[in-house]
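Beneath this line is the structure, given in structure tokens, with notes to follow.
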Ligand code: F6P
């Protein structure tokens, strides 16, 4: 890849690379299958053998490997979830676990790996590549869109649309009853999903971990904004927001305003499922091809990212240590429009 933001590497393609592994790890995200397909087929097109590692790092430790042919990734681009399955592995956090994983990779003759996941998955890859001679390239896939160094993570747009669809329906019943709904969306430490879905649904208040001031907004809305039952109210809250999600906020609101008709809706894992949007499929495809390209160029411990639509390569240690910034101006816009 040759745009100005990417790390340039004009060295000849290495010949040593023969067999790569590909796996998905951490929370699944719609579009992971499109990435698996792109990695598999781009590798085959470059005469590499491909092994699918099932169930994330846990499967790596246990040697749960399957050979991947072009036909194995046929008809999966439109599927949610991940055909390779996924896991959060505690064993891989231990040096014994990583040693077992390394032995399994060696036994299978895998000399480089594409990891599709979020920052926990890349932290694992970085640690292992520092301990053993193995190259990892990452493809960011998480509905949270919270990775530093990329504008986009696979699955985010599909999840955003799922939230918007659900909240539009909640609004219908909220208006009918003149109720206030506190809607909790995913995002342990990241509020982007709550922020953008809140804007898209015309939420009256948006509570995200990145902005404490929003709690004054909630107060203002409950005391002045929500005048009577001719109005409805949608309060979007990211699960990671202090003081701790929709149930806690509802308890607080009910205590302070016993007259208000408040309901809670926690959208939960519905946000992680479903057929990926066109953008998620296209981005997953671009990133999958770029990941194989990076391995062929002898890159190691980098994440493939998108910067204004262009492929970039971001060192893992930056991607996992730095925070993705959030456009807090959107909160001002939301405030201005909610009059
Ligand atoms: O990181 C993706 C994510 O969906 C977060 O938004 C959420 O906090 C977490 O995963 C939930 O993980 P699990 O499915 O393991 O409970």
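The values are calculated or read from the model by the stated rules, or taken from the named source; none is laboratory data. Quick caveat, the model's predicted, so the values are computed rather than measured. Note that we place each Cβ from the backbone using ideal geometry, even for glycine, and neighbour counts take in every protein chain shown.
Rundown of residues vs (1) in contact (Cβ under 8 Å) with a residue 24 or more places away in the chain; (2) within 16 Å of the ligand (Cβ to nearest atom); (3) under 30 Å from the mean Cα position of the chain (by Cα); (4) farther than 16 Å from residue 338 by Cβ, yes/no style:
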{"site": "165", "(1), (2), (3), (4)": "no, no, yes, yes"}
{"site": "178", "(1), (2), (3), (4)": "yes, no, no, yes"}
{"site": "187", "(1), (2), (3), (4)": "yes, yes, yes, yes"}
{"site": "226", "(1), (2), (3), (4)": "yes, no, no, no"}
Worksheet item: Looking at region 234-244, which of the residues that are over 11 Å from residue 181 (Cβ atoms) and surrounded by 18 or more Cβ atoms within 10 Å (Cβ to Cβ) is farthest from the ligand (Cβ to nearest atom)?
Response: 241
Practice prompt. State all residues of region 191-220 that are part of a helix (DSSP H, G or I) and surrounded by fewer than 18 Cβ atoms within 10 Å (Cβ to Cβ); if no residue qualifies, say none.
Written response: 199, 200, 215, 216, 219, 220
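Restricting to region 60-82, name every residue that is assigned to a loop (DSSP other than H, G, I, E, B), free of Cβ contacts under 8 Å to residues at least 60 places away in the same chain and surrounded by 12 or more Cβ atoms within 10 Å (Cβ to Cβ).
Initially, region 60-82 is screened for residues assigned to a loop (DSSP other than H, G, I, E, B), giving 63-64, 68-69, 74-82.
Going one step further and asking which of them are free of Cβ contacts under 8 Å to residues at least 60 places away in the same chain, we end up with 63-64, 68-69, 74-76, 82.
Matches in region 60-82: 63, 64, 68, 69, 76, 82.
Give the residues of region 156-190 that are part of a loop (DSSP other than H, G, I, E, B) and at pLDDT 95 or above, sorted by residue number.
The initial filter retains those residues of region 156-190 that are part of a loop (DSSP other than H, G, I, E, B), namely 178-179, 186-190.
Listed by number, the residues that qualify are 179, 186.
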Item to complete: State whether one or more residues within region 245-258 are at pLDDT 95 or above, surrounded by fewer than 20 Cβ atoms within 10 Å (Cβ to Cβ), outside the structural domain of residue 31 (by TED's automatic domain parsing) and at positive phi.
Response: no
